[in-house]
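Worksheet for the structure shown next.
Laboratory data are not the source of any read-out in this text; all were calculated from the coordinates shown. None of the values given here were measured: they were computed from a predicted structure. No Cβ is skipped: glycine too gets one built from the backbone with ideal geometry, and neighbour counts run over all protein chains shown.
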């Protein structure tokens with residue numbers, strides 16, 4: 001790859017990371033991205049309290065599994081004792097980096113549990129949470145946050161400096177406030193203040209979808225690396241593609257047949273990991289994204305119809321056959 005970042009004692013090859021995304025970055029997805037050259041993929045957000053109680057779905061989210069270059073578990077919570085327990089469990093399961101979520105804007109996280117980005121309004125509690133995780137484990141602890149809760153309280157530089165004092169080893173900043181959710185555009189230049197506030201590696205996140213946006217984000221923020229979120233949907237090879245682009249190397253994007261093989265491998269891994277029924281249901285979000293990013297049909301209406309039809313199927317064999325037919329239809333190829 002030609003570039004790498006040191007996070008504490010852990011070397012991360014490359015500087016294009018894939019974000020932790022609920023309902024997306026499960027183990028089958030992370031394995032698919034790893035096979036295609038991604039070096040850093042975090043788990044879905046794992047709730048510490050449920051993790052400590054051993055709830056099966058939560059443990060599954062944090063599944064380590066084979067075939068990953070690096071094991072990163074992201075924890076969310078607001079109880080320092082539970083955060084420490086979650087960090088210890090994650091490290092015992094093989095986590096090489098533990099990331100704390102101070103960035104999730106979802107209402108069920110910020111309102112009900114008062115965690116995620118809501119912690120940016122409670123710096124003292126945020127400090128206790130980071131300190132608890134750092135003291136609990138010997139692996140690097142990192143923090144992912146937003147610019148602040150809203151435009152009136154853009155306190156990411158202060159929180160980042162506090163995180164460094166507590167022993168955090170890297171900071172990721174999504175260039176929006178919590179109140180923006182995913183609206184508007186990410187303010188990459190605002191991340192420069194975070195970079196100035198710490199001596200740690202800083203990763204910029206938000207609206208990074210290709211080499212061009214990655215380059216702009218790095219230039220505007222002064223950050224050390226980029227994190228790709230929604231831009232990876234249906235394109236698990238995109239981290240490797242952006243990495244090559246930033247390094248000035250050529251990258252051959254997967255052709256149509258390779259994309260089909262990637263989608264089918266990912267689907268089969270999902271079925272194997274969860275069992276047919278649950279695996280099919282969980283894969284639907286990925287299936288829709290693969291169809292969105294398919295090389296054809298060019299007509300948006302035909303694409304929507306294909307997505308709607310395939311995402312309603314209940315039989316794995318029918319999904320495979322439908323996807324293969326969509327990819328292999330010569331009429332659709334000619335229309336593309």
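Mean sequence separation of contacting Cα pairs (under 8 Å, at least six apart), scaled by the length of segment 202-255, corresponds to a relative contact order of 35 percent. Remark on segment 190-249: Rg and Dmax equal 11.6, 36 Å (Cα only). Remark: relative contact order (segment 256-335) = 32 percent; criterion is Cα-Cα distance under 8 angstrom and separation of 6 or more residues.
Secondary structure note: in the chain, about 10% of the DSSP beta bridges are antiparallel. Computed over the Cα atoms of segment 134-233, the ratio of the radius of gyration to the Kirkwood radius (Rg/Rh) comes to 0.97. Based on DSSP H segments of at least four residues, each scored -39500 (n - 2.57), the chain has a per-residue ellipticity at 222 nm of -13500 deg cm²/dmol. The length gained on full extension between residue 196 and residue 255, counted as 0.36 nm times the residue separation minus their Cα-Cα distance, comes to 17.1 nm.
Sequence-distant contacts, meaning Cα pairs under 8 Å at least 6 residues apart, place the relative contact order of the chain at 14 percent. In this calculation the C-beta distance from residue 321 to residue 4 is compared with R0 = 35 Å, giving a FRET efficiency of 0.25. Considering all different alpha carbon pairs of segment 256-335, the Kirkwood hydrodynamic radius works out to 12.6 Å. Only alpha carbons enter this Debye calculation for the chain, each as an equal point scatterer, and the log10 of I(q)/I(0) it gives at q = 0.10 Å⁻¹ is -0.58. Cα-based values for segment 110-172, radius of gyration first and Dmax second, are 11.4, 36 Å. Each label was represented as a point 7 Å from its Cα along the Cα-to-Cβ direction; for residue 268 and residue 53 these points are 3.8 nm apart. Counting only alpha carbon atoms, the long axis of helix 276-292 and the longest principal axis of the chain meet at about 80°.
Using R0 = 30 Å, the C-beta based FRET efficiency linking residue 92 and residue 181 works out to 0.30.
Label-to-label distance, residue 125 versus residue 210, with points set 7 angstrom from Cα along the beta-carbon direction: 4.2 nm.
Relative to the longest principal axis of the Cα atoms of the chain, the long axis of helix 256-274 makes an angle of roughly 60 degrees. With neighbours defined as other Cβ atoms within 10 Å of a residue's Cβ, the residues 258, 22 order from fewest to most as 258, 22. Under a Gaussian network description of the chain, with springs only between Cα atoms under 10 Å, the residue in 28, 69, 295 that fluctuates furthest is 295.
Taking the C-alpha atoms only, the angle from helix 80-92 to the longest principal axis of the chain is near 50 degrees.
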